[in-house]
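First the structure, in the form of structure tokens, and then the observations on it.
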Amino acid sequence: MAVLSKIRQRSALMIAVIALALFAFIIGDLFKSGSFSSTSKDVGSINGKDIAFEDFRIKVSNVEKSGQGITSTAAANRVWDQEVTLALLTAEFDKLGLRVGEKYILEILKSDQNIGKNPMFLNAAGMFDVAKFKEYFKSNPAQAQYLKDREIDAELNAKFQIYNTLVKAGIYTTEAEGKLKYEMESNKVNFAYVAGLYSSIKDSDVKVTDADILDYMKKNEKKFKAEESRSIEYVLIEDKASKEDEADVKSRINALLTGSVVYNQATGKNDTLAGFKNAPSAIDFVNSNSDIPYDSTYVAKKDLPAVDADQLFNLAPGEVYGPYVYGKYYCISKSLGKKLGVNARASHILISYEGTQVPNQKEKRTKEEAKAKAEDILAQVNANPDSFMMLAFTSSDDSSAQQAGDLGFFGPNQMVKPFNDFVFNNAIGKVGLVETPFGFHIIKITDKQDGIRLATVAQKIEASEATSDRVFTQATKFEMESADKDFIAVAKEMGLKVSSPVGVRAMDESFGPLGNQRNIVRWAFEGDSKVGSVKRFEVANLGHVIARVKAIDDSGLASIDQVRSYVEPILKNKKKAEILKAKMTGTSLESIAKATASKVLQATEVTLENPVLEGVGQEPKVVGNAFALAANKVSAPIEGNTGVYVVKNISTVKGLPVKNYADYVTKVKAQSAGDVNRVLPALKDNAEIEDNRKQFNY
């Protein structure tokens, strides 16, 4: 009683303490979640123009609703790309003062079939009536926002078309460029050279350090610019069936083969239940005992489990086979009989005509002309069956022409009805003519497959509750111990494998070989995640992933591991070049060849358009230097693609003069046709883009 009295006396104090603790917990959570933190209210900004989160959220939601199964992260990425593009292009439109009049916008709106061909907006002559169009939206204010949105889209589209036209017009090819193109193709140089190839020095003789690679990237920042990233190593502990679990499933399914005796509480007596072998209804037995419901389809031998296909296909009606493993299931199967010709194989020659939706029409023809041609081909095939293959190749309007008309095996009702009926109602070897919405088909039935119908009890091989509990305990133990100790050492001690680190960016969904694991990526970029942070994740249908942040790269450059395979050979060649240049001393090619234990080689009639050295490959810098030399002059050592070269100009032969360079101007212009597509990437490279999406729950 004394204790209870003291508790009553101090109850107010205890309530205050508990309230304070709860308040501290809530406040801490609010700060952590960002409600009172310095988290931006904007998703980001492009060249100082903010993108408000609420507007962004609505757009992402609309994309999610319209997309087929698109994730919120993928939708956010798509909207972000659109926002960046729109902001950059709109700024360019404004700089240029682009304006679009009402008439132009109306023309774009009219090109939309839902507007331009809408009966509500057509006059008596069937023409688009601007007055009716405007009157409709004036008398239907609820639809006004739809029109406003469409007008904005139409205006942007129009401005983009004008902008594109201006850019294309600005990409002008001069006659001087055409002349240079002609000279690059026509002028030829003959030269002698000595080559010190990089391959003559072992890679092990030159060392490239991480510091070398980093220095190279810093000197070429634009080329290696990258988003902030994390390197995450992890341990996967699979929640899968143990050998004991597999044995238990096999034992259970074995027990289904024969009858069993069970106690019936209602009658107080033992009942004898029929097993699969003697069950009065195999279908009911499957639906009562299988993890996969009964399937009445007749299955061809090729579609049965490969290892057990022969035994299953050759079962007599009522005979049972199993247990056998198929994928993640233990199975027993009973034959319910076979059926002839469940699948068929055919070849055809399609002769289409105007009005049919066939993309590969070889010639235009009317329906009557198509029928006459099809009948003529049928006559040729009947007269000479061996001609079918060549006629299909030369005459068929179907893409199967490349396979001599062969369509492979197909099941009932996979083809349009007239085609299906002909193939499945006739014997192998039959040739005939049928008409479908695609045109006229000359069909040859080439093969058929019989099928068997099986009643199959399948029970999934999966971890038992005891196994899952054991896996969970192991994963939790590893998470707790590795948080304070060496991650790799703890894994080794527990007999677990640490997988290779996965590099991720803030808005990535994919996580290496584990596929879409957005929750792991999001955690790695949270404010309290730092190098060494460890967390366990439950991954559906897989198990437990214990992840550790191995490294954080916020340098703005790609990681060294990412670029190593590209940069390391370049730097090795540079170091090899210094070694080779040191050897290339002498005033003549002969003395240089002697110093490098190589030969003096000859290059004949090489052009700048195709600067290839025989047996070596493209060496534009070497060939360019040869052109620049006066006759009989020797160059300094030149660092090429494949080695260090010293060249001596023998002669330069210029092409014959031409009256004009129009053809070459056309060639250069064609090469620059795609330059307009480089505008947007260039705008992005030069823009100041701040991306705050990782602060929001995407």
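Within straight-line reach of LYS132, meaning a Cα separation under 25 Å, sit the following lysines at least 8 residues removed in sequence or on another chain: LYS103, LYS110, LYS117, LYS148.
Only alpha carbons enter this Debye calculation for the chain, each as an equal point scatterer, and the log10 of I(q)/I(0) it gives at q = 0.05, 0.06, 0.08, 0.10 Å⁻¹ is -0.54, -0.79, -1.31, -1.35.
Run through region 123-207 and list the chymotrypsin sites (Phe, Trp or Tyr not before Pro) located in a DSSP loop whose Cβ has at most 16 other Cβ atoms within 10 Å.
Values: sites: PHE128, PHE133, TYR136, PHE137, TYR146, PHE160, TYR163, TYR172, TYR182, PHE191, TYR193, TYR198; in loops: TYR172.
In loop regions of region 123-207 (DSSP not H, G, I, E or B), the sparsely surrounded chymotrypsin sites (Phe, Trp or Tyr not before Pro) are TYR172.
In the chain, the DSSP-assigned H stretches of four residues or longer account for a calculated mean residue ellipticity at 222 nm of -13000 deg cm²/dmol, using -39500 (n - 2.57) per stretch and the full residue count as denominator. For the residue pairs LYS222/LYS599; LYS633/LYS654; LYS492/LYS530; LYS301/LYS444; LYS223/LYS550, the C-alpha atoms sit more than 29 angstrom apart in LYS222/LYS599.
Accessible area per residue (1.4 Å probe, heavy atoms of protein chains only) ranks MET389, MET217 as MET389, MET217, with the largest value leading. Spin-label model, ALA404 to ALA662: label points 7 Å out along the Cα-to-beta-carbon direction sit 5.0 nm apart. The share of accessible area on region 59-143 that comes from carbon and sulfur is 52 percent, using a 1.4 angstrom probe. The P(r) of region 488-623 has a tail past 25 Å containing 56 percent of all C-alpha pairs. Per residue, the accessible area of the chain comes to 59 Å², computed with a 1.4 Å probe over protein heavy atoms only.
Starting from the residue with the highest accessible area, list PHE56, PHE696, PHE409 in decreasing order, probe 1.4 Å.
Details: PHE56 0, PHE696 30, PHE409 70 Å².
Final ranking, largest accessible area leading: PHE409, PHE696, PHE56.
Taking loop as defined by DSSP and a crowding limit of 13 other beta carbons within 10 Å, which trypsin sites (Lys or Arg not before Pro) in region 611-693 fit? Kindly include the intermediate steps, with their values, before the conclusion.
Working: sites: LYS621, LYS633, LYS648, LYS654, LYS659, LYS667, LYS669, ARG678, LYS684, ARG693; in loops: LYS633, LYS654, LYS659.
Listed in order of number, the matching sites are LYS633, LYS654, LYS659.
Each residue was assigned an accessible area with a 1.4 Å probe, and for ILE171 the value is about 60 Å². Note on ILE292: accessible area approximately 80 square angstrom, rounded to 10, probe 1.4 Å, nucleic acids and ligands left out. Shown are LYS373, LYS181, whose ranking by accessible area with a 1.4 Å probe and every protein chain present, most to least, is LYS373, LYS181.
Give me the percent of the accessible area of region 628-691 that comes from carbon and sulfur atoms, probe 1.4 Å, all protein chains in place. If you can, show how the numbers build up before the last one.
Numbers: 2160 of 4130 Å².
Reported share for carbon and sulfur atoms: 52 percent.
In straight-distance terms, cross-link reach from LYS168 covers every one of the aspartates and glutamates whose alpha-carbon lies under 13 Å from its own, apart from those fewer than eight places away in the same chain; here that gives ASP675.
Share of carbon and sulfur in the accessible area of region 379-501 stands at 52%, probe radius 1.4 Å.
When Lys and Arg each count +1 and Asp and Glu each count -1, what net charge do the other residues less than 13 Å away from ASN425, Cβ to Cβ, add up to?
Details: positive: LYS417, LYS430, LYS448; negative: ASP421.
So the surrounding residues net to +2.
Working from Cα pairs under 8 Å separated by at least six residues, relative contact order for the chain is 23 percent. Helices that extend 30 Å or more along their long axis by alpha-carbon positions and average at least 1.6 on the Kyte-Doolittle scale are, among the DSSP H runs of the chain, 11-33. In the context of the full protein assembly, ARG453 retains an accessible surface of approximately 70 Å², using a probe radius of 1.4 Å and ignoring ligands and nucleic acids. Just so you know, the averaged projected area of the alpha carbon convex hull for region 148-277 sits at 30.1 nm². Annotation for region 221-280: GluC sites (Glu not before Pro) lying in DSSP loop with at most 16 further Cβ atoms inside 10 Å of their Cβ are GLU227, GLU228. Remark: spin-label model distance LYS417-VAL167 equals 5.2 nm, labels positioned 7 Å along the Cα→Cβ axis.
The values are calculated or read from the model by the stated rules, or taken from the named source; none is laboratory data. Just so you know, these numbers come straight off a predicted model, no measurement behind them. Backbone-built Cβ (ideal geometry, glycine too); neighbour counts: all protein chains shown. Accessible surface areas use protein heavy atoms only, side chains included; no ligands, DNA or RNA. Shrake-Rupley method; radii C 1.70, N 1.55, O 1.52, S 1.80 Å.
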